[in-house]
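Data block below; observations after.
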Amino acid sequence: MRTVEHVLCGMLALFSLSTIFYAISVTGAGVDIVNLISPGNGLWTNGTNDTIQFRFNYTGGDSPATCVLFIDNTSSGTAGPVANGSTGTVYANHSLSDGIFNWFVNCTNANSMISGTWALFIDNEPPSVNLLYPPDNHNSSNQSMGFKFTALDNMKATMSCALYINGSFSGENVSVTNATNTTIQNTSVPNGSSTWYIECSDAVSNGNSVVRNINVNMTTPDETPPSLLNITEDAVSAISANIIWETDEPSDSTVSHFPFSHSVSGSVNSASLTMAHNLTLKYLTKNTTHYYNVTSCDASGNCNISGVLNFTTLECNSSWACGDWSSCTGGQKTRSCNDGSMCQYPWVSEETQSCTTSGGGTGGTTVITVPDNTSINPTIEAGAEIDINMNLTKAIGEVLSDDHLDDDEKTVLKNISETVTRDTKVRRTLEFSGTRTELKTTIKYSGKKKVRNFMVFEKVPKSFAADASLVNVSAPGATVVVVEDDPSWLITYPEIGPEDEFSINYEVIGQKVAAIIDEVKTEFYAQVLEDDVEVPEKICTPSDRSCMNGKLYECEGDGSGWSLLKRCEDGCDAKKNACTGEEKPGVDKKVFDNITIVAMAVISLLVVSASYLIVMESKKRKPEKHKSVIEGAKKTDSAAGTEKGEKSKKDGIKKSKK
C-alpha cells in the first residue's frame, strides 16, 4: 500500500514539474518577440504616411511571421514575411493628419505576438505669429522697449519664441502660452532704423511673423506717456480684488485705493516695466464700494493716470468662534477668536477682559480704558530716515514733484527738518473703545515762519498693526500716502502757520497695549519756510529747556525761539529736559568756562588800563617839578646878584669917602 502511495506521489510530482516547464517555455517564447524601434515613443514629427517609417524587430520561431501595423487599433499596413531576428518596416496605407496617434505591431505565424503601444505626435502646421507692438515704422527716443505679440499653434500648448532685430537674436521667451499676449523686452535697440520680427517654434517646425520697421532717435526726447488700455477688475471677493490693465509700451504699475472718491488711503505698485499689468488690492471691507485709479510711467518718466473707477466687494457672513479664556494674570485674561469665513481682515482677533483671582472667579467686564495712555513731547529725531529709507525718499520726491532727490536736496530737507522739529510739539494718546483701538498724534507748530508742504512721517510698531492696510488713517486737510506696508505713512499738509494744531488718527480692530505710544517713530519734513507771516511775540518761556534729536535746547531770552545749549553724549531725557545722567540742568560747563574766560579778560583789561593811567599821571607831574627847580634857581641867582650889587655899591661908597 505504501509503495502505491509512493508511486502516485512521484507521478504527481513529475506532472507538476512538466506543467511548470511548459509554462516557462511558452512564456519565454512570447517575451519581447516584437520590439518597436521607431518613431520613438512620444516623438513629434511633421511627416506624412508616405515618409514616416514604422520600424520594429521580430524575434520568434523558425518560420517567418506576417506583421501588421495598427494605428489607433486600425489595420494600417502589412510587412512580411519577416524572418526571425530581422527588422521590419511598414508605411501607413492611409493619410495621417495632424494629431496624436497610438500604434503597435502584431506578428503572426503559428502564434500571434503583439508589441507594446507607442504614441506619435504629428504636426505639419507651424505656429503663426501676430505682432501687436510696436506698430510698423514706429518712432521712439528710447532704446528700451517691449515687443508684444501673440503666438498660435494647432497642437502645442506652449512654444519657444525669439526676437530678432536686424536679423540677429535679441531675446527670447521659451514658455510662451498658446493664444496669449506675450512681451519680450529689449534694452538696447540700435539707434536709427531697424527691422524686427518674432520667430516661434513648436516641437517640430518654426513660424515667423511679418517683418516690421522701427526708428530710434536718441536725440529726440520721449515725451509721450503710455496709453492705458482695458482697465478692469478681476477675482473680486469680500476682501480683495485684482486690478488689470494694459499699456502700449513697457511701464510700471500703481493702483491707488480710495475709501471715498476724494481721499487717498494707500496704494500698491510694481516697478517692473511691462505692458500687461496686474495688481491686487487686499484687506478690503466687504459689501462696500471701493474707488481706485491706475498709473503707469514709462522708462522716460512719462506718466498716465486714469480717472477714478470703482467696484463693490461681495457680501459675506462672518462665522466667529472663540477659544477658551486664559488664566487670570495681572488682572486680565485673554482668548483668541477666528472668523472661519474670513469676511474681513483681520479674521483673527484677541479679546481681553479684566478679572480677579479672589474666590477663583474669572469674571469681569471688557476693558474700555488703557492706563498710562498718554505720551507728551516724545523724543523726535530730525531727518534720520531720509538717507536710509528709499521708500520715504520716493514719497517725499512725489510730494515735491522730484523723481530723484540728490544729496544736496536731502541736506536742505534735513536742515529744514531740524528747524521745524525744534519748533513742533507732539502729544500721543491711545484709547480703546468697544472693539477698536485709536492711536492719536496731536501736533502743534509754534515756529516763526509759515511752512509749505509740511510732511509728517510716522511709523507704528507691528504690535499695533502687522500691515498698513489694516489701519484706518484719518488726517483732515492732509494727503495720506503709505510709505511701507511695515506699516508707515507720509502725511502732507499743503500749508501750516504759527500756532497751528492738528491731529492724525490711526484706528485698528482689537485692543492694544499702552506701551505702543512710546514705540511710534515720527519725523517732520517741509519743502520751504516762508517769512510772509506775522510772528507771535513768544513761542517759549525764556530759560525753559527741551530735548530734541539728542540735543538740549534752551529758550532764548526774548522767548522767540530755541538755541542749542549742548549735545548730550548719552542721550537727552525728555522728562527731565536734561542730558541723561544729569540730575539738574545746572550751569553747563561749557557756558561756565566761557563766563570764566570773559571775566579773566575783563580783569586783565582793567589792570592794563590802571597801569596806563598811573604812567600818564607820572608824565604829567615831571615837567612841573623841573619848572619849580628852574624858577628856584633863578630866584637864587637873582638874590645873589642883588647882594653882589649892594656889596659893590657899598664898596663904591667906601671908595668915594676915602
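Quick check on my link table: of Lys444/Lys521; Lys462/Lys576; Lys444/Lys566; Lys425/Lys450; Lys440/Lys521, which ones sit more than 20 Å apart, alpha carbon to alpha carbon?
Lys462/Lys576; Lys444/Lys566, as the Cα separations exceed 20 Å there.
Ranked from highest to lowest mean number of other Cβ atoms within 10 Å per residue, what is the order of the peptides 505-514, 96-105, 311-320?
The most tightly packed comes first, giving 505-514, 96-105, 311-320.
Quick one: accessible surface of Val460, probe radius 1.4 Å, all protein chains present, in square angstrom to the nearest 10.
10
Per the 1.4 Å probe, what fraction of the accessible area of segment 124-174, in percent, lies on carbon and sulfur atoms?
Here it works out to 45 percent.
Ordering Thr441, Thr87 by accessible area with a probe of 1.4 Å, largest first, what comes out?
Thr87, Thr441
Taking only protein heavy atoms into account and a 1.4 Å probe, give the accessible area per residue of segment 46-141 in Å².
48
Hey, which of these cross-link pairs are over 28 Å Cα-Cα: Lys449/Lys551; Lys410/Lys575; Lys286/Lys394?
Exceeds cut-off: Lys410/Lys575; Lys286/Lys394.
The values are calculated or read from the model by the stated rules, or taken from the named source; none is laboratory data. None of these values were measured; they are calculated from a predicted model. Cβ coordinates were reconstructed from backbone atoms using ideal geometry, including for glycine residues, and neighbour counts include every protein chain displayed. These accessible areas exclude ligands, DNA and RNA; they are computed on the full protein's heavy atoms, side chains included. Shrake-Rupley method; radii C 1.70, N 1.55, O 1.52, S 1.80 Å.
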